[in-house]
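The structure appears right after this line, and notes come after that.
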Amino acid sequence: MSRIYPDYREALGELPDAVIDEEAKTVSVAYAEGAPPRISAWRPRLGCAQLATGADASAAALLPKITHFRVKTSMRKAGAEPAELFSTVVETPALDPVVAAGFDRATYGEGTETTAVLVIKDGVIVAEKYRDGFGPDVPQRTWSVAKSIGATVIGAAVMDGLIDVSEPAGLEAWSAPGDPRAAIKIEDLMHMSSGLDSGPAGNRTDDVYFGGGRVVDHAITRRLIAEPGTRWTYANNDTMTMMRALRERMKSDEAYLRYPFERVLAPLGMNHTFLETDWNGDFIMSSQVWTTARDLARLGLLYLGDGVWNGQRLLPEGWAAFVATPAPAQPPLARPDGRVLPGYGAQFWLFGERHGLPEGSYAAMGNRGQYVMIVPARNIVIVRRGFDDNGGAQFDIAKFSADVLAALGE
């Protein structure tokens, strides 16, 4: 139980063991006398979805699924990896001590637990290391790195003319006359500046993450408490609402479920990435994604190439600059203890000289130490995966990245 929120450890520790049905691909846990167990069911590509609280196992058959998807002919060649990528790791002895320190549980954060480190320079792997039990093909939960994957899907939709980030989100639930939420733009959601009430901790969306709740019941129902675009609050709901806006524009639920795979994951070769939904078919792209270090490296390289992968444009020209441009409203510059914090763009975190890194560096970041650091000035992508305890251990990705750059003579 050490891998879950501290608030839940005691209560969950008292529950009976989970029942795993390999054939049905379900996991169920009894939690209350006289009530059906809580059930989660796995589906190809979409991973697990929780059934609604109170639903029995038969409801698993009703979960949304992807039976097939098609990649446009013009983008199929992108899915073939560049010949040099991942075919070999260029030995870089200068990096060995830095990478080793990344796994020692002390140098970059007391008690941190690194599971993978991958460094790519000039399109070639110069370091790759995994903890025992992990490897290139072992997916791990991204936590909030999923937000940056979601931003990439939105970028593809912009390129395809499905969405305009400068326009209002246009949710049906906000369409009643006089509803001020109608003014919230897609870019407000991407900037974490919707102005919606997200509770004292906007990243705690437990009803959706753990409670079997639907995005439409919990993420888009919040009231407006600040003018959109003027207040920064880190909120999972903003990301889930951003994806809901895309779904409503597409008009076809089946097309919506296929879209991230057809337009982003398959062309990038991110074949070990699973995008989870709620039982209603809404992507929970604020966290519930499972993927590998190599798949995340592909994502980082896509942004280094300004949306071009293997000669094929997957994102609009300038999209990388958009996500890496400071949002109008920003988080605090530092914690009360003086520790310098990153800024915020559009579902990516921003780094620079005050963090000991080149200006223009930016990162996808997630709980428990998930990082994809993108350093355009040095043509470098750094991926770090972890199982850092939620009780306080925190990996110093800025210091680690700076040490990697120094070791590479950067």
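Observations on the model:
- Based on Cα contacts under 8 Å between residues 6+ apart, the chain shows a relative contact order of 21 percent.
- Size of charge dipole - the stretch 147-254 - debye, nearest 20, with Cβ of Lys, Arg +1 and Asp, Glu -1, no other charges: 200 debye
- Sparse packing (at most 13 other Cβ atoms within 10 Å of the Cβ) combined with a DSSP loop state is found for the following trypsin sites (Lys or Arg not before Pro) in the stretch 305-367: Arg339.
- The convex hull defined by the C-alpha atoms of the chain has an orientation-averaged projected area of 20.3 nm².
- Charge context of Ala183, other residues only, Cβ under 13 angstrom, K/R +1, D/E -1: -3
- Cα gyration tensor category, rounded, prolate or oblate, for the stretch 6-62 with a/c compared to 1.5: prolate
- Candidates His68, His272, His355, ranked by Gaussian network fluctuation over the chain, Cα under 10 Å, top entry: His68
- Given +1 at the Cβ of Lys and Arg, -1 at the Cβ of Asp and Glu and no other charges, the dipole of the chain around its Cα centre is 740 debye to the nearest 20.
- Per residue convex hull volume, Cα atoms of the stretch 368-410, in Å³: 59 Å³
- Environment charge of Ile284, counting only residues whose C-beta is closer than 9 Å and scoring Lys/Arg +1, Asp/Glu -1: -3
- Applying a length cut-off of 18 Å (Cα extent along the axis) and a mean Kyte-Doolittle floor of 1.0 to the DSSP H helices of the chain leaves 145-159.
- Pair-distance profile P(r), taking every C-alpha pair of the stretch 147-254, with 10 angstrom steps and integer %: 15, 50, 32, 3
No value in this document is a laboratory result; all are computed from the given coordinates. Only a predicted model underlies this, so the values are computations on that prediction, with no experimental measurement involved. All Cβ positions, even for glycine, are placed from backbone atoms using ideal geometry, and neighbour counts span all protein chains on display.
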